[in-house]
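K.L.:
Input: one structure, supplied below.
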Amino acid sequence: HHAGRTVLFADGNGKVTTFDPRQLGSGLPKAVTHTTQHAHHGVAIELADGSMLVTLGTEEERTGAHVLDKNRKEIARSEECPGVHGEAAAKDEAVLIGCEDGALLYKDGKFSKVQAPDEYGRIGNQAGHEESPIVLGDYKTDPDAELERPERVSLIDTRTGDLKLVDLGTSYTFRSLGRGPHGEALVLGTDGALHVIDPEQGKVTKKIEIMGEWREPLEWQQPRPTLHVRDHTAYVTDPGGKTLYAIDIGSGQVKTKAQLPQTPNELTSA
């Protein structure tokens, strides 16, 4: 979701559907569709001027992204992004796409490459804030791991293209990343704490204790603690305890917690 538009990407057929979510209150909204050349595990984002950034790929490989104008004519392309995965929008409508060797930045009508410091430096999940020029991402370095448990996150400055790594001292998962109301970078660690990072300084400024330690399951479909941020509140699930926590990001206080009738997995709000 970006610029007042919601975009759905169907991996199975490469169909991209965009609509105005404000129309959902009165039935199905009027939708506009676009179909990619090849079906792939991809993503798309519509920008404020009606142009659309869409990933490039096939069932076998993903190579990059291109941008189509509002008439869906290609205006920019880059295939310097092996294993492209995930997207995030930052301040001034800079868009970041994750790669297996860093990231791809689209800004002011042009693509540029953000190179990882490692030969294999995979960024696949990102969290942006539209008032912050810096994007938070995960960071993995072992292409052969059955399940890598990274302890560093990436911060990419879309103004300069610089990539900085922050060591948390604990691992995290793809459902651990979020942004606070003032652009704070938030990471839910397997140590049971919410780590608050100042993105400009690239330093952890606060550690909010929430629950006990936990371990990421091998299968990605299995429940694991999940972070979801809305306004000034961070919502965190504890599947093992069937508990939902609400944390005030500013004070670091757990405002309330609730027992759930079932094991929570994914989490969102409306």
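K.L.:
For the stretch 78-101, does any single residue satisfy the condition of being touching a Leu at 6+ places or on another chain (Cβ under 7 Å) and more than 23 Å from SER51 (Cβ to Cβ)?
P.N.:
no
K.L.:
Ok, one more. Could you list, in sequence order, all residues of the stretch 178-190 that are within 18 Å of VAL254 (Cα to Cα) and either open to solvent by 20 Å² or more (accessible area, probe 1.4 Å) or of a type outside the set (Gly, Ala, Ser) (or both)?
P.N.:
Listed by number, the residues that qualify are ARG179, PRO181, GLU184, LEU186, VAL187, LEU188, THR190.
Residues are listed down the side, and each one gets a yes or a no for (1) closer than 21 Å to LYS255 by Cβ; (2) free of Cβ contacts under 8 Å to residues at least 12 places away in the same chain:
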residue: GLU130; (1), (2): no, no
residue: GLU148; (1), (2): no, yes
residue: ARG152; (1), (2): no, no
residue: ASP167; (1), (2): no, no
residue: THR170; (1), (2): no, no
residue: GLY192; (1), (2): yes, no
residue: ARG215; (1), (2): no, no
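This table checks each residue for (1) polar (S, T, N, Q); (2) at pLDDT 95 or above; (3) within 20 Å of LEU267 (Cβ to Cβ).
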residue: GLU146; (1), (2), (3): no, no, no
residue: LEU155; (1), (2), (3): no, yes, no
residue: THR158; (1), (2), (3): yes, yes, no
residue: LEU168; (1), (2), (3): no, yes, no
residue: PHE174; (1), (2), (3): no, yes, yes
residue: GLY178; (1), (2), (3): no, yes, yes
residue: PRO181; (1), (2), (3): no, yes, yes
residue: HIS195; (1), (2), (3): no, yes, yes
residue: PRO199; (1), (2), (3): no, yes, no
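K.L.:
Among the residues of the stretch 96-125, how many are surrounded by 24 or more Cβ atoms within 10 Å (Cβ to Cβ) and within 18 Å of LEU168 (Cβ to Cβ)?
P.N.:
Total meeting the criteria: 2.
K.L.:
Another question, if that's okay. Among strands (runs of 3 or more DSSP E) lying entirely in the stretch 1-66, which contain 1 or more residues that are open to solvent by 60 Å² or more (accessible area, probe 1.4 Å) and among the polar types (S, T, N, Q)?
P.N.:
In the stretch 1-66, the matching strands (runs of 3 or more DSSP E) lie at 31-35.
K.L.:
Then there's this: When you scan the stretch 81-112, how many residues do you find that are part of a strand (DSSP E or B), over 13 Å from the mean Cα position of the chain (by Cα) and within 18 Å of GLU61 (Cβ to Cβ)?
P.N.:
Final tally of qualifying residues: 3.
K.L.:
Next up: Could you list, in sequence order, the residues of the stretch 195-213 that are under 17 Å from the mean Cα position of the chain (by Cα) and either buried (at least 21 other Cβ atoms within 10 Å of the Cβ) or not hydrophobic (A, V, I, L, M, F, W, C) (or both)?
P.N.:
Of everything in the stretch 195-213, those that are under 17 Å from the mean Cα position of the chain (by Cα) and either buried (at least 21 other Cβ atoms within 10 Å of the Cβ) or not hydrophobic (A, V, I, L, M, F, W, C) (or both) turn out to be HIS195, ILE197, PRO199.
K.L.:
Taking the stretch 120-143, which residues are over 18 Å from the mean Cα position of the chain (by Cα) and modelled with pLDDT under 95?
P.N.:
Listed by number, the list is empty, since nothing qualifies.
K.L.:
Mind listing just one residue for me: the one in the stretch 139-153 that is more than 19 Å from GLU80 (Cα to Cα) and touching a Gly at 6+ places or on another chain (Cβ under 7 Å) and, of those, surrounded by the most Cβ atoms within 10 Å (Cβ to Cβ)?
P.N.:
VAL153
K.L.:
Would you call SER269 surrounded by fewer than 19 Cβ atoms within 10 Å (Cβ to Cβ), under 21 Å from the mean Cα position of the chain (by Cα) and farther than 30 Å from SER112 by Cα?
P.N.:
yes
The values are calculated or read from the model by the stated rules, or taken from the named source; none is laboratory data. Note that this is a predicted model, so its numbers are computed, not measured. Note that we place each Cβ from the backbone using ideal geometry, even for glycine, and neighbour counts take in every protein chain shown. To get the accessible areas, we keep the full protein, side chains included, count just its heavy atoms, and leave off ligands, DNA and RNA. Shrake-Rupley method; radii C 1.70, N 1.55, O 1.52, S 1.80 Å.
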